[in-house]
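This report refers to the structure that appears directly beneath it.
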Amino acid sequence: MVSKPILTIFYQFNPWQSSIGGIQTVIRSFVKYCPTQFDLRLVGIQNDSSHPLGKWQERELFGKAIRFMPVLTIKDDNIRQLIPTTIKYTAALWQQRIVSDFLHFHRIEPTLAALNWPGEKTLFVHNDIQQQVAGKDNKDTILWRHFPTGYLALEGFLVNQFTQILSCNSRSTEHYQQRYPAIADRVSTIKNTVDNEIFYPLTQEEKEEKRRNLAQEMDLPEDTQFLLFAGRLHPQKQPILLLESLRSLNRTKVHLLVVGDGELREEIRSKISILGIGKQVTMLGSLASGELSKLMRVCQGFVLTSAYEGLPVVVLEALACGLPIVTTRCGETPNLLSANSGVVCQESTPSAIAAAISLVLENPDRYPIEACLASAQPFSARSVVGAIGDEMLAHWDKSRLSHIKNNGEEDISEIKYLYPSRDSPENVSAR
(Lines give C-alpha, C1' and ligand atoms only; values in the text may rest on other atoms or scores of the structure.)
Protein backbone atom coordinates (compact mmCIF):
# COMPACT_ATOMS: atom_id res chain seq x y z
CA MET A 1 0.00 0.00 0.00
CA VAL A 2 1.29 3.42 -0.96
CA SER A 3 1.71 5.84 1.95
CA LYS A 4 -0.48 8.93 2.23
CA PRO A 5 0.60 12.12 0.47
CA ILE A 6 2.05 14.62 2.96
CA LEU A 7 0.57 18.12 3.05
CA THR A 8 2.54 20.62 5.16
CA ILE A 9 1.06 24.05 5.95
CA PHE A 10 3.34 26.91 6.94
CA TYR A 11 2.13 29.89 8.95
CA GLN A 12 3.20 31.75 12.07
CA PHE A 13 0.45 30.66 14.48
CA ASN A 14 -0.70 27.84 16.73
CA PRO A 15 -4.24 26.63 15.96
CA TRP A 16 -4.76 25.53 19.58
CA GLN A 17 -3.96 29.00 20.95
CA SER A 18 -5.73 32.34 20.55
CA SER A 19 -4.64 34.10 17.37
CA ILE A 20 -6.62 36.76 15.50
CA GLY A 21 -6.76 36.89 11.73
CA GLY A 22 -8.48 35.66 8.60
CA ILE A 23 -5.48 33.58 7.51
CA GLN A 24 -5.66 31.61 10.74
CA THR A 25 -9.36 30.97 10.12
CA VAL A 26 -8.70 29.85 6.55
CA ILE A 27 -6.05 27.37 7.72
CA ARG A 28 -8.29 25.97 10.45
CA SER A 29 -11.08 25.47 7.91
CA PHE A 30 -8.64 23.83 5.50
CA VAL A 31 -7.59 21.32 8.15
CA LYS A 32 -11.19 20.67 9.15
CA TYR A 33 -12.51 20.02 5.63
CA CYS A 34 -9.41 18.66 3.90
CA PRO A 35 -9.94 15.10 2.59
CA THR A 36 -8.84 12.53 5.14
CA GLN A 37 -6.44 10.89 2.69
CA PHE A 38 -3.71 13.44 3.49
CA ASP A 39 -1.03 13.18 6.15
CA LEU A 40 -1.50 16.69 7.56
CA ARG A 41 1.30 18.70 9.11
CA LEU A 42 1.60 22.31 10.28
CA VAL A 43 4.76 24.30 10.97
CA GLY A 44 3.93 27.22 13.24
CA ILE A 45 4.79 28.97 16.49
CA GLN A 46 3.92 28.66 20.18
CA ASN A 47 3.36 31.22 22.94
CA ASP A 48 5.37 29.46 25.65
CA SER A 49 8.29 27.06 25.98
CA SER A 50 6.29 23.97 26.84
CA HIS A 51 7.49 22.06 23.78
CA PRO A 52 10.93 21.86 22.16
CA LEU A 53 11.27 23.87 18.98
CA GLY A 54 11.87 22.03 15.73
CA LYS A 55 10.30 18.78 16.95
CA TRP A 56 7.13 17.20 15.58
CA GLN A 57 4.23 16.68 17.97
CA GLU A 58 1.36 14.27 17.42
CA ARG A 59 -1.81 16.36 17.93
CA GLU A 60 -5.49 16.40 17.02
CA LEU A 61 -7.52 19.22 15.46
CA PHE A 62 -11.22 18.93 14.58
CA GLY A 63 -10.98 15.22 15.27
CA LYS A 64 -8.15 14.77 12.76
CA ALA A 65 -4.64 13.58 13.47
CA ILE A 66 -2.10 16.28 12.61
CA ARG A 67 1.59 16.72 13.24
CA PHE A 68 2.61 20.12 14.58
CA MET A 69 6.09 21.62 14.73
CA PRO A 70 6.67 24.97 16.47
CA VAL A 71 9.82 26.68 15.24
CA LEU A 72 9.46 29.92 17.19
CA THR A 73 8.14 31.12 20.56
CA ILE A 74 6.13 34.37 20.53
CA LYS A 75 4.26 35.33 23.68
CA ASP A 76 1.47 37.27 21.90
CA ASP A 77 1.38 37.21 18.11
CA ASN A 78 -1.64 39.54 18.10
CA ILE A 79 0.68 42.44 18.99
CA ARG A 80 3.16 43.62 16.36
CA GLN A 81 6.79 43.49 17.45
CA LEU A 82 9.72 45.73 16.48
CA ILE A 83 11.03 42.86 14.37
CA PRO A 84 8.03 41.45 12.44
CA THR A 85 7.05 37.89 13.35
CA THR A 86 7.26 36.94 9.67
CA ILE A 87 10.97 37.74 9.63
CA LYS A 88 11.58 35.75 12.82
CA TYR A 89 9.55 32.84 11.46
CA THR A 90 11.47 32.87 8.16
CA ALA A 91 14.79 32.89 10.03
CA ALA A 92 13.65 29.93 12.15
CA LEU A 93 12.77 27.95 9.00
CA TRP A 94 16.35 28.31 7.77
CA GLN A 95 17.28 25.74 10.42
CA GLN A 96 14.89 23.18 8.93
CA ARG A 97 14.64 21.10 5.80
CA ILE A 98 11.14 19.75 5.50
CA VAL A 99 10.29 17.13 2.90
CA SER A 100 6.65 17.07 1.83
CA ASP A 101 4.60 16.21 -1.24
CA PHE A 102 2.62 19.45 -0.97
CA LEU A 103 3.74 22.65 0.80
CA HIS A 104 1.23 25.45 1.43
CA PHE A 105 2.48 28.94 2.27
CA HIS A 106 0.34 31.91 3.34
CA ARG A 107 3.11 34.52 3.22
CA ILE A 108 5.82 34.76 0.58
CA GLU A 109 8.72 35.62 2.91
CA PRO A 110 9.03 32.13 4.55
CA THR A 111 9.43 30.54 1.12
CA LEU A 112 12.90 32.09 0.98
CA ALA A 113 14.01 29.43 3.46
CA ALA A 114 12.20 26.72 1.50
CA LEU A 115 13.53 27.69 -1.92
CA ASN A 116 15.41 24.42 -2.42
CA TRP A 117 13.01 22.12 -0.59
CA PRO A 118 11.33 19.42 -2.69
CA GLY A 119 7.58 19.17 -3.20
CA GLU A 120 4.80 21.05 -4.95
CA LYS A 121 4.50 24.54 -3.46
CA THR A 122 1.37 26.66 -3.34
CA LEU A 123 1.29 30.32 -2.32
CA PHE A 124 -2.01 31.61 -0.96
CA VAL A 125 -2.36 35.40 -1.37
CA HIS A 126 -4.71 37.05 1.13
CA ASN A 127 -4.43 40.76 0.30
CA ASP A 128 -4.40 43.26 -2.53
CA ILE A 129 -0.61 43.12 -2.90
CA GLN A 130 -0.23 46.37 -4.84
CA GLN A 131 -2.37 48.33 -2.39
CA GLN A 132 -0.74 46.68 0.61
CA VAL A 133 2.86 47.25 -0.43
CA ALA A 134 2.88 50.25 -2.74
CA GLY A 135 0.10 52.40 -1.27
CA LYS A 136 1.00 55.86 -0.06
CA ASP A 137 -1.35 56.07 2.91
CA ASN A 138 -1.15 54.30 6.27
CA LYS A 139 2.62 53.85 6.10
CA ASP A 140 2.59 52.11 9.48
CA THR A 141 0.52 49.14 8.35
CA ILE A 142 3.34 46.80 7.27
CA LEU A 143 7.11 47.19 7.11
CA TRP A 144 7.26 46.55 3.34
CA ARG A 145 5.36 49.80 2.70
CA HIS A 146 8.62 51.59 3.44
CA PHE A 147 10.51 49.37 0.96
CA PRO A 148 8.12 48.51 -1.92
CA THR A 149 10.98 48.06 -4.39
CA GLY A 150 12.63 45.59 -2.02
CA TYR A 151 9.42 43.60 -1.69
CA LEU A 152 8.92 43.36 -5.45
CA ALA A 153 12.54 42.27 -5.91
CA LEU A 154 12.07 39.52 -3.31
CA GLU A 155 8.79 38.50 -4.91
CA GLY A 156 10.40 38.28 -8.35
CA PHE A 157 13.16 36.10 -6.93
CA LEU A 158 10.74 33.66 -5.31
CA VAL A 159 7.68 33.27 -7.58
CA ASN A 160 9.14 30.71 -9.99
CA GLN A 161 9.25 28.01 -7.31
CA PHE A 162 5.46 27.80 -6.97
CA THR A 163 3.40 25.16 -8.71
CA GLN A 164 0.45 27.47 -8.24
CA ILE A 165 -0.39 30.88 -6.76
CA LEU A 166 -3.95 31.14 -5.46
CA SER A 167 -5.29 34.60 -4.62
CA CYS A 168 -8.59 35.54 -3.01
CA ASN A 169 -8.19 39.04 -4.49
CA SER A 170 -8.69 39.60 -8.22
CA ARG A 171 -6.32 42.58 -8.31
CA SER A 172 -3.54 40.45 -6.87
CA THR A 173 -4.29 37.75 -9.43
CA GLU A 174 -3.87 40.35 -12.18
CA HIS A 175 -0.70 41.64 -10.53
CA TYR A 176 1.03 38.26 -10.63
CA GLN A 177 -0.22 37.38 -14.11
CA GLN A 178 0.87 40.68 -15.64
CA ARG A 179 4.15 41.11 -13.77
CA TYR A 180 5.26 37.48 -14.25
CA PRO A 181 3.89 36.33 -17.64
CA ALA A 182 6.12 33.23 -17.62
CA ILE A 183 4.07 31.78 -14.73
CA ALA A 184 0.71 33.41 -15.57
CA ASP A 185 -0.90 30.02 -16.16
CA ARG A 186 -0.04 29.01 -12.59
CA VAL A 187 -1.91 31.97 -11.07
CA SER A 188 -5.65 31.90 -10.39
CA THR A 189 -8.31 33.34 -8.13
CA ILE A 190 -9.64 31.22 -5.29
CA LYS A 191 -12.58 31.68 -2.98
CA ASN A 192 -11.99 32.29 0.70
CA THR A 193 -14.12 30.14 2.97
CA VAL A 194 -16.73 30.26 5.69
CA ASP A 195 -17.56 27.38 8.02
CA ASN A 196 -21.35 27.02 7.88
CA GLU A 197 -21.32 24.64 10.83
CA ILE A 198 -20.33 27.61 13.03
CA PHE A 199 -21.74 30.60 11.15
CA TYR A 200 -25.45 30.35 10.36
CA PRO A 201 -28.50 32.60 10.88
CA LEU A 202 -31.46 32.69 13.22
CA THR A 203 -34.98 33.39 12.09
CA GLN A 204 -35.96 37.06 12.21
CA GLU A 205 -38.08 36.41 15.32
CA GLU A 206 -35.24 34.59 17.09
CA LYS A 207 -32.81 37.35 16.12
CA GLU A 208 -35.04 40.05 17.59
CA GLU A 209 -35.48 38.12 20.82
CA LYS A 210 -31.72 37.57 21.17
CA ARG A 211 -31.08 41.25 20.43
CA ARG A 212 -33.40 42.33 23.25
CA ASN A 213 -31.75 39.84 25.59
CA LEU A 214 -28.30 41.18 24.75
CA ALA A 215 -29.42 44.76 25.35
CA GLN A 216 -30.82 43.75 28.71
CA GLU A 217 -27.61 41.90 29.68
CA MET A 218 -25.58 45.00 28.81
CA ASP A 219 -27.97 47.30 30.70
CA LEU A 220 -28.86 49.15 27.50
CA PRO A 221 -32.27 50.34 26.23
CA GLU A 222 -34.38 47.52 24.85
CA ASP A 223 -34.48 49.10 21.39
CA THR A 224 -30.67 49.36 21.10
CA GLN A 225 -29.30 48.55 17.65
CA PHE A 226 -25.95 46.75 17.55
CA LEU A 227 -23.11 47.24 15.09
CA LEU A 228 -20.18 44.85 15.01
CA PHE A 229 -16.51 45.05 14.11
CA ALA A 230 -14.27 42.00 14.40
CA GLY A 231 -10.62 41.74 13.51
CA ARG A 232 -7.09 42.66 14.45
CA LEU A 233 -6.78 46.13 15.96
CA HIS A 234 -4.24 47.15 13.36
CA PRO A 235 -3.75 50.25 11.15
CA GLN A 236 -4.88 48.27 8.08
CA LYS A 237 -8.39 48.04 9.57
CA GLN A 238 -8.55 51.80 10.33
CA PRO A 239 -10.50 51.35 13.60
CA ILE A 240 -10.11 55.05 14.44
CA LEU A 241 -12.07 55.86 11.28
CA LEU A 242 -14.76 53.48 12.51
CA LEU A 243 -15.02 55.34 15.83
CA GLU A 244 -15.18 58.69 14.06
CA SER A 245 -17.96 57.30 11.87
CA LEU A 246 -19.93 56.25 14.95
CA ARG A 247 -19.52 59.75 16.36
CA SER A 248 -20.69 61.24 13.06
CA LEU A 249 -23.71 58.92 13.10
CA ASN A 250 -24.82 60.63 16.33
CA ARG A 251 -27.38 58.03 17.40
CA THR A 252 -27.30 57.30 21.10
CA LYS A 253 -29.20 54.01 20.75
CA VAL A 254 -26.65 52.52 18.37
CA HIS A 255 -24.00 50.45 20.16
CA LEU A 256 -20.72 49.26 18.61
CA LEU A 257 -19.25 45.92 19.67
CA VAL A 258 -15.50 45.66 18.97
CA VAL A 259 -14.14 42.11 18.88
CA GLY A 260 -10.39 41.66 18.58
CA ASP A 261 -7.06 42.73 19.95
CA GLY A 262 -3.86 44.27 18.68
CA GLU A 263 -1.39 47.11 18.87
CA LEU A 264 -4.02 49.88 18.61
CA ARG A 265 -5.99 48.71 21.65
CA GLU A 266 -4.96 51.57 23.96
CA GLU A 267 -5.16 54.18 21.21
CA ILE A 268 -8.72 53.07 20.55
CA ARG A 269 -9.63 53.34 24.22
CA SER A 270 -8.19 56.85 24.29
CA LYS A 271 -10.05 57.87 21.13
CA ILE A 272 -13.34 56.58 22.52
CA SER A 273 -12.87 58.87 25.51
CA ILE A 274 -11.87 61.86 23.38
CA LEU A 275 -14.90 61.43 21.13
CA GLY A 276 -17.23 61.07 24.12
CA ILE A 277 -18.75 57.79 22.88
CA GLY A 278 -17.82 55.60 25.84
CA LYS A 279 -21.44 54.58 26.43
CA GLN A 280 -21.80 53.48 22.80
CA VAL A 281 -18.77 51.20 22.44
CA THR A 282 -17.88 47.93 24.15
CA MET A 283 -14.49 46.35 23.56
CA LEU A 284 -14.79 42.59 23.99
CA GLY A 285 -11.24 41.47 23.23
CA SER A 286 -10.60 38.22 21.40
CA LEU A 287 -13.46 35.74 21.11
CA ALA A 288 -13.62 32.17 19.87
CA SER A 289 -15.48 31.58 16.61
CA GLY A 290 -18.52 30.18 18.37
CA GLU A 291 -18.90 33.27 20.55
CA LEU A 292 -18.35 35.59 17.60
CA SER A 293 -21.03 33.84 15.60
CA LYS A 294 -23.55 34.35 18.43
CA LEU A 295 -22.95 38.11 18.23
CA MET A 296 -23.20 38.14 14.46
CA ARG A 297 -26.60 36.50 14.62
CA VAL A 298 -28.10 39.33 16.71
CA CYS A 299 -26.42 42.48 15.35
CA GLN A 300 -27.95 44.79 12.76
CA GLY A 301 -24.82 45.48 10.72
CA PHE A 302 -21.14 44.62 10.32
CA VAL A 303 -18.83 47.56 9.57
CA LEU A 304 -15.48 47.27 7.76
CA THR A 305 -13.42 50.47 7.38
CA SER A 306 -10.18 48.94 6.08
CA ALA A 307 -7.60 50.70 3.93
CA TYR A 308 -6.95 47.50 1.95
CA GLU A 309 -8.08 43.87 2.07
CA GLY A 310 -8.07 40.62 0.14
CA LEU A 311 -11.42 39.01 0.84
CA PRO A 312 -11.98 39.21 4.63
CA VAL A 313 -13.14 35.90 6.05
CA VAL A 314 -15.02 37.80 8.75
CA VAL A 315 -17.21 39.40 6.07
CA LEU A 316 -18.19 35.95 4.80
CA GLU A 317 -18.90 34.85 8.36
CA ALA A 318 -21.14 37.85 8.97
CA LEU A 319 -23.06 37.28 5.74
CA ALA A 320 -23.48 33.60 6.60
CA CYS A 321 -25.14 34.73 9.84
CA GLY A 322 -27.53 36.94 7.88
CA LEU A 323 -25.74 40.18 8.80
CA PRO A 324 -25.53 42.98 6.16
CA ILE A 325 -22.19 44.67 5.53
CA VAL A 326 -21.11 48.31 5.45
CA THR A 327 -17.66 48.54 3.86
CA THR A 328 -15.14 50.93 2.41
CA ARG A 329 -14.19 50.27 -1.21
CA CYS A 330 -11.41 47.78 -0.55
CA GLY A 331 -10.62 44.22 -1.51
CA GLU A 332 -13.16 41.79 -2.95
CA THR A 333 -15.99 42.64 -0.57
CA PRO A 334 -17.60 45.22 -2.91
CA ASN A 335 -17.61 42.62 -5.69
CA LEU A 336 -19.48 39.94 -3.75
CA LEU A 337 -22.14 42.15 -2.10
CA SER A 338 -25.51 42.53 -3.76
CA ALA A 339 -27.69 45.61 -3.45
CA ASN A 340 -29.56 43.75 -0.71
CA SER A 341 -26.66 42.36 1.34
CA GLY A 342 -24.67 45.51 2.07
CA VAL A 343 -23.54 49.02 1.23
CA VAL A 344 -20.21 50.07 -0.29
CA CYS A 345 -19.05 53.53 0.79
CA GLN A 346 -17.71 55.55 -2.12
CA GLU A 347 -15.58 57.66 0.22
CA SER A 348 -13.57 56.57 3.26
CA THR A 349 -14.84 59.42 5.43
CA PRO A 350 -16.78 59.42 8.72
CA SER A 351 -19.77 61.12 7.13
CA ALA A 352 -19.97 58.70 4.19
CA ILE A 353 -19.65 55.65 6.44
CA ALA A 354 -22.21 57.06 8.88
CA ALA A 355 -24.65 57.62 6.00
CA ALA A 356 -24.21 54.00 4.87
CA ILE A 357 -24.78 52.71 8.41
CA SER A 358 -27.96 54.81 8.65
CA LEU A 359 -29.21 53.31 5.40
CA VAL A 360 -28.84 49.78 6.77
CA LEU A 361 -30.31 50.56 10.20
CA GLU A 362 -33.29 52.47 8.86
CA ASN A 363 -34.18 49.94 6.14
CA PRO A 364 -33.84 46.43 7.57
CA ASP A 365 -36.35 45.02 5.07
CA ARG A 366 -34.05 46.10 2.23
CA TYR A 367 -31.28 43.87 3.61
CA PRO A 368 -33.00 40.56 4.44
CA ILE A 369 -31.25 37.54 5.91
CA GLU A 370 -31.87 35.58 2.71
CA ALA A 371 -29.94 38.08 0.57
CA CYS A 372 -26.95 37.92 2.93
CA LEU A 373 -26.96 34.13 2.83
CA ALA A 374 -27.04 34.18 -0.97
CA SER A 375 -23.89 36.32 -1.06
CA ALA A 376 -22.06 33.92 1.29
CA GLN A 377 -23.28 30.64 -0.22
CA PRO A 378 -20.51 30.14 -2.86
CA PHE A 379 -17.85 30.30 -0.15
CA SER A 380 -18.81 27.22 1.86
CA ALA A 381 -15.61 25.79 3.37
CA ARG A 382 -16.72 22.20 2.87
CA SER A 383 -17.14 22.60 -0.90
CA VAL A 384 -14.21 24.99 -1.56
CA VAL A 385 -11.62 23.07 0.49
CA GLY A 386 -12.96 19.72 -0.67
CA ALA A 387 -12.54 20.72 -4.31
CA ILE A 388 -8.94 21.84 -3.72
CA GLY A 389 -8.16 18.62 -1.89
CA ASP A 390 -9.71 16.47 -4.60
CA GLU A 391 -7.64 18.25 -7.25
CA MET A 392 -4.46 17.66 -5.24
CA LEU A 393 -5.32 13.99 -4.79
CA ALA A 394 -6.05 13.56 -8.49
CA HIS A 395 -2.68 15.10 -9.32
CA TRP A 396 -1.01 12.85 -6.75
CA ASP A 397 -2.67 9.76 -8.21
CA LYS A 398 -1.61 10.76 -11.71
CA SER A 399 1.98 11.32 -10.62
CA ARG A 400 2.10 7.99 -8.77
CA LEU A 401 0.65 6.08 -11.72
CA SER A 402 3.19 7.68 -14.05
CA HIS A 403 6.04 6.79 -11.69
CA ILE A 404 4.86 3.20 -11.33
CA LYS A 405 4.46 2.71 -15.09
CA ASN A 406 7.90 4.13 -15.72
CA ASN A 407 9.66 2.18 -12.97
CA GLY A 408 7.58 -0.95 -12.54
CA GLU A 409 7.89 -0.74 -8.74
CA GLU A 410 4.45 -2.09 -7.86
CA ASP A 411 1.15 -3.23 -9.28
CA ILE A 412 -0.96 -0.28 -10.43
CA SER A 413 -4.07 -1.99 -9.10
CA GLU A 414 -2.79 -1.43 -5.56
CA ILE A 415 -3.58 2.29 -5.64
CA LYS A 416 -6.81 2.32 -7.64
CA TYR A 417 -8.81 2.37 -4.42
CA LEU A 418 -6.42 4.37 -2.29
CA TYR A 419 -7.86 7.86 -2.78
CA PRO A 420 -11.61 7.59 -3.35
CA SER A 421 -13.76 10.59 -4.22
CA ARG A 422 -15.08 12.70 -1.32
CA ASP A 423 -18.57 11.54 -2.30
CA SER A 424 -17.77 7.83 -2.23
CA PRO A 425 -19.21 5.73 0.65
CA GLU A 426 -15.81 5.61 2.38
CA ASN A 427 -15.69 9.38 2.77
CA VAL A 428 -19.36 10.12 3.24
CA SER A 429 -19.31 8.07 6.42
CA ALA A 430 -16.19 9.86 7.65
CA ARG A 431 -17.51 13.39 7.30
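Selection of the range 171-194 for residues being touching a helix residue (DSSP H, G or I) at 6+ places or on another chain (Cβ under 7 Å), in a helix (DSSP H, G or I) and surrounded by fewer than 20 Cβ atoms within 10 Å (Cβ to Cβ) yields Arg171, Gln177, Ile183, Ala184.
What do you reckon, is Ile9 among the aliphatic types (A, V, I, L, M), under 26 Å from Lys191 (Cβ atoms) and assigned to a loop (DSSP other than H, G, I, E, B)?
no
Working only within the range 216-232, note down all residues that are out of contact with any strand residue (DSSP E or B) (no Cβ under 6 Å at 6 or more places or on another chain) and touching a residue at least 40 places away in the same chain (Cβ under 8 Å). Residues satisfying the conditions are Met218, Gly231, Arg232.
For the range 97-111, a residue qualifies if it is within 14 Å of Ile9 (Cβ to Cβ) and part of a loop (DSSP other than H, G, I, E, B), and the qualifying residues are Ile98, Ser100, Asp101, His106, Arg107. Looking at Arg232, is it in contact with a Gly (Cβ under 7 Å, 6 or more places away or on another chain) and charged (D, E, K, R)? It is true that Arg232 is in contact with a Gly (Cβ under 7 Å, 6 or more places away or on another chain) and charged (D, E, K, R).
Which residues, counting only those in the range 350-379, are of a type in the set (Val, Ile, Thr) and without any contact (Cβ under 8 Å) to a residue 12 or more places away in the chain?
Scanning the range 350-379 gives no hits.
One residue stands out among those in the range 347-384 that are in contact with a helix residue (DSSP H, G or I) (Cβ under 7 Å, 6 or more places away or on another chain) and of a type in the set (S, T, N, Q): the one that is surrounded by the fewest Cβ atoms within 10 Å (Cβ to Cβ), which is Ser351.
Scanning the range 53-75 for residues that are crowded, with 19+ Cβ neighbours inside 10 Å and not in a strand (DSSP E or B) yields a single hit, Ile74.
Residues checked against (1) in a helix (DSSP H, G or I); (2) in contact with an Asp or Glu (Cβ under 9 Å, 6 or more places away or on another chain); (3) outside the structural domain of Leu323 (by TED's automatic domain parsing):
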{"residue": "Asn196", "(1), (2), (3)": "no, no, yes"}
{"residue": "Lys210", "(1), (2), (3)": "yes, no, no"}
{"residue": "Ala215", "(1), (2), (3)": "yes, yes, no"}
{"residue": "Leu220", "(1), (2), (3)": "no, no, no"}
{"residue": "Asp223", "(1), (2), (3)": "no, no, no"}
{"residue": "Leu228", "(1), (2), (3)": "no, no, no"}
{"residue": "Leu233", "(1), (2), (3)": "no, yes, no"}
{"residue": "Ile240", "(1), (2), (3)": "yes, yes, no"}
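Of everything in the range 1-32 that is surrounded by fewer than 23 Cβ atoms within 10 Å (Cβ to Cβ) and of a type in the set (Phe, Trp, Tyr), the residue that is farthest from the chain's Cα centre (by Cα) is Trp16. From the list Ser29, Ser50, the lone residue that is at negative phi, part of a loop (DSSP other than H, G, I, E, B) and of a type in the set (S, T, N, Q) is Ser50.
The values are calculated or read from the model by the stated rules, or taken from the named source; none is laboratory data. Every value quoted in this text rests on a predicted model; they were computed, and no experiment measured them. With ideal geometry, Cβ positions are generated from the backbone for all residues, glycine too; neighbour counts draw on all protein chains shown.
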